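Written out below as structure tokens is the structure these notes cover.
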Amino acid sequence: MNENCWLELAQIRKRITESAMSMVFDCIFQKLLLNVVSKITPNVVVNTDISEVESILTTSLIELFYEYLGSSITDVFECFGCSQEYANQLGHECITMDHETRLQLYGDLAFFAMNFEQLIQDFIQRNIQMLNYLNPMFVNKWDMLSIFDSAKSMYIASDPNRLY
């Protein structure tokens with residue numbers, strides 16, 4: 001195949017991954033979150049500045065996705081140098097590969113390897129005082145792909161070897 005075919009194939013793969021991520025967020029994550037929250041809290045409307053609550057909950061979710069993304073990439077990342085027991089540290093991707101490259105190579109696999117049920121439990125624990133605001137209208141307003149992209153950016157920025 002020529003270079004254009006490979007580039008087109010990469011674009012198709014990217015679109016398929018984004019569609020699958022969107023389905024996971026819509027069909028699994030959001031519905032599971034609302035289901036768990038509905039079991040914990042009654043439907044109570046509280047008069048508070050909703051935009052502030054939305055901002056806090058969205059930021060909390062981004063931070064949680066960042067943490068889960070980092071640990072999930074660590075779980076799915078296999079260093080060839082470690083598996084071959086190389087003595088030279090430069091032969092180890094776990095030392096030489098930056099976070100951005102890890103995300104490009106393992107980000108999709110890491111996303112689908114995340115434990116969404118545990119992530120939801122952690123989100124609820126962190127935000128137990130604001131669960132009254134989590135309703136279908138609020139949760140459906142979340143642009144989950146943007147939230148996950150923000151978590152990816154945080155992961156890349158957290159690279160200790162990154163040159164700013």
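The values are calculated or read from the model by the stated rules, or taken from the named source; none is laboratory data. From a predicted model like this one, the values you see are computed outputs, not experimental measurements. Glycine gets a Cβ as well: all are built from the backbone with ideal geometry, and neighbour counts include every protein chain shown.
Select from region 129-144 the residues that are touching a residue at least 40 places away in the same chain (Cβ under 8 Å) and closer than 15 Å to SER60 by Cα and list them in ascending order.
Once the filter is applied, which keeps residues that are touching a residue at least 40 places away in the same chain (Cβ under 8 Å) and closer than 15 Å to SER60 by Cα, region 129-144 yields MET130, LEU131, TYR133, LEU134, PHE138, VAL139, TRP142, MET144.
Residues in region 147-164: is at least one touching a Ser or Thr at 6+ places or on another chain (Cβ under 7 Å), touching a residue at least 40 places away in the same chain (Cβ under 8 Å), part of a helix (DSSP H, G or I) and not β-branched (Val, Ile, Thr)?
Among the residues of region 147-164, not one is touching a Ser or Thr at 6+ places or on another chain (Cβ under 7 Å), touching a residue at least 40 places away in the same chain (Cβ under 8 Å), part of a helix (DSSP H, G or I) and not β-branched (Val, Ile, Thr), which makes the answer no.
What pairs come up if the first residue lies in region 64-80 and is closer than 20 Å to ASP149 by Cβ, the second is among the hydroxyl-bearing types (Ser, Thr, Tyr) and surrounded by fewer than 16 Cβ atoms within 10 Å (Cβ to Cβ), and their beta carbons are under 9 Å apart, counting only those six or more places apart or on different chains?
TYR66/SER153; TYR66/SER158; GLY70/SER158
Table: residues versus (1) at pLDDT below 90; (2) of a type outside the set (S, T, N, Q); (3) in contact with a Leu (Cβ under 6 Å, 6 or more places away or on another chain).
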| position | (1), (2), (3) |
| --- | --- |
| PHE112 | yes, yes, no |
| GLN118 | no, no, no |
| PHE123 | no, yes, yes |
| MET137 | yes, yes, no |
| MET144 | yes, yes, no |
| PHE148 | yes, yes, no |
| MET154 | no, yes, no |
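Kindly evaluate LEU90 against the criterion of being surrounded by 13 or more Cβ atoms within 10 Å (Cβ to Cβ) and part of a helix (DSSP H, G or I). Break it down stepwise before answering.
Numbers: surrounded by 13 or more Cβ atoms within 10 Å (Cβ to Cβ): no; part of a helix (DSSP H, G or I): yes.
For LEU90, the condition - surrounded by 13 or more Cβ atoms within 10 Å (Cβ to Cβ) and part of a helix (DSSP H, G or I) - is not met.
May I ask you to list the residues in region 127-136 that are surrounded by 15 or more Cβ atoms within 10 Å (Cβ to Cβ) and in a helix (DSSP H, G or I)?
MET130, LEU131, ASN132, TYR133
List the residue pairs whose Cβ atoms are under 8 Å apart, where the first residue sits in region 13-34 and is more than 21 Å from PHE123 (Cβ to Cβ) and free of Cβ contacts under 8 Å to residues at least 24 places away in the same chain, the second is of a type outside the set (Ser, Thr, Tyr) and surrounded by 12 or more Cβ atoms within 10 Å (Cβ to Cβ), and the two are 6 or more positions apart or on different chains.
Close Cβ pairs satisfying both conditions: none exist.
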